[in-house]
1. All but one of (1) of a type in the set (Ser, Thr, Tyr); (2) in contact with a strand residue (DSSP E or B) (Cβ under 7 Å, 6 or more places away or on another chain); (3) at pLDDT below 95 hold for Ser316; state the number of the condition that does not hold.
2. In the range 291-306, what count of residues is obtained for those that are over 15 Å from Ala266 (Cα atoms) and either of a type in the set (A, V, I, L, M, F, W, C) or in contact with an Asp or Glu (Cβ under 7 Å, 6 or more places away or on another chain) (or both)?
3. Tally time: how many residues in the range 159-183 are touching a Phe, Trp or Tyr at 6+ places or on another chain (Cβ under 9 Å) and either over 21 Å from Ala113 (Cβ atoms) or free of Cβ contacts under 8 Å to residues at least 12 places away in the same chain (or both)?
4. Give Ala392, Ala420, Ala387 a once-over and let me know the one that is farther than 18 Å from Ala108 by Cα, small (Gly, Ala, Ser) and touching a Leu at 6+ places or on another chain (Cβ under 9 Å).
5. Report yes if Thr81 is buried (at least 24 other Cβ atoms within 10 Å of the Cβ) and either of a type in the set (Gly, Ala, Ser) or at pLDDT 95 or above (or both), otherwise no.
6. Can you find a residue in the range 121-139 that is at positive phi, under 10 Å from the mean Cα position of the chain (by Cα) and surrounded by 24 or more Cβ atoms within 10 Å (Cβ to Cβ)?
7. Tell me, which residue of the range 1-50 that is among the acidic types (Asp, Glu) and farther than 30 Å from Leu270 by Cα is surrounded by the fewest Cβ atoms within 10 Å (Cβ to Cβ)?
8. Against the condition hydrophobic (A, V, I, L, M, F, W, C), at pLDDT below 95 and surrounded by fewer than 24 Cβ atoms within 10 Å (Cβ to Cβ), how does Leu370 come out, does it pass?
Amino acid sequence: MAENIFITDERIEGAEDGPLAGRTVAIKDNISTEGVRTTCGSRMLEDYVPPYDATVVSLLKDAGATIVGKANMDEFGMGTTTETSFFGPTDNPAAPGHVPGGSSGGSAAAVAAGEADLALGSDTGGSVRCPAAFCGVVGIKPTYGLVSRYGLVAYGNSLEQIGPFGESVEDAARLLDVIAGSDDRDATTRTEGDDSNYVDAATGDVDGLRIGVPTELLEGADEGVVETFWDALGTLEDRGATYHEVSLPSVEHAVEAYYVIAMSEASSNLARYDGVRYGHASDATGNWNETFARAREEGFGDEVKRRILLGTYALSAGYHDKYYKKAQDARAWVKQDFDEALSEADVLASPTMPVPPFELGESLDDPLQLYLADANTVPVNLADLPAISVPAGETNGLPVGLQLVGPAFEESVLIRAASALA
């Protein structure tokens, strides 16, 4: 059993009936739960208790789910290992002694350890898919706008989506059915009616499915991960799918563009935490600037401070066009490349993560290594597309995930393809 999965383990009972009646769900600790602590894995919000439920939490209650706890996470969603949490790291139940991935590591670990049937996470640059791959479970990053973000504590507003975890594709699809849909309280959600029934798409029928394999997303990946990926792709081919190579030239610049955009948005979003309006209050005395600085020094961890500093720099006078605007131009290029590749394929396939799970503590002193590990996941968020990670197998006893990416709002296609594997 993994250690330190939950930050808060208070049970919340839902309705007596509904599509999730009798199912237990873990909630990532950046999703608001009325009357239950929501910390974002940070000292800054250590004692924060929201006065309202996020839309997805209300939908879970209405669907009959039992919420069994708030799951550990990288602080404010900033990390790839769930080791930046103020409350300590989470171990990987599928690979003890290794990280569960991040930032939704507690959510994935809860499902992998059998502590919850299902879980919710959030994905800003891979934070659902990475831990799904590392923990050997299924994770879905929905199209931007498919699921309401009302009640999600903001990190990178233009990138993040709430997404489900499950032991199987069918389980994750059933949870997506419950949480998907427009919301008057989130203007970014789709407004057209959504009559999709995602769980019915989990047929495993891939006969005739055209799979594009972006060659750039295999370059530099661990040899064992690549071999496992091809084995899983061979399973899909045996079941009637075909695959061919495609190119996404822009992904070479996707990580750089993503981190400029995400850190800039984080800098803006976290400016409110000053110990006066929001967050941890320092005991410091003196002028307002000193008190403000001390509260943020004490309340934020090193990785959050690093991203605030980099984001603030990218938005500062004289550098906005050089960094932030240029990153937005790169984002448009990434989206264009994905659209072109998907005009020739039904889905795109790659390893979810280019490496197997790190050992606990292995990468904490090398943030650049962690940023580069997101190379296969962050382009999807830049392109506003849906993706799913399913277990592909193992390399040296460590889980490997296969990522499928599809056209916007075509989650059913991804679920149908992925269900042939899990």
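1. Only one criterion is unmet by Ser316, namely (2).
2. Counting residues in the range 291-306 that are over 15 Å from Ala266 (Cα atoms) and either of a type in the set (A, V, I, L, M, F, W, C) or in contact with an Asp or Glu (Cβ under 7 Å, 6 or more places away or on another chain) (or both) gives 3.
3. Residues in the range 159-183 being touching a Phe, Trp or Tyr at 6+ places or on another chain (Cβ under 9 Å) and either over 21 Å from Ala113 (Cβ atoms) or free of Cβ contacts under 8 Å to residues at least 12 places away in the same chain (or both): 8 in total.
4. It is Ala420.
5. When the stated conditions are applied, Thr81 passes them.
6. Yes, the range 121-139 contains a residue that is at positive phi, under 10 Å from the mean Cα position of the chain (by Cα) and surrounded by 24 or more Cβ atoms within 10 Å (Cβ to Cβ).
7. Glu16
8. Taking the combined requirement at face value, the residue satisfies it.
The values are calculated or read from the model by the stated rules, or taken from the named source; none is laboratory data. Here the structure is a predicted model, which is why all the values come from computation and not from measurement. Cβ sites come from the backbone with ideal geometry, for glycine too, and all protein chains shown count toward neighbours.
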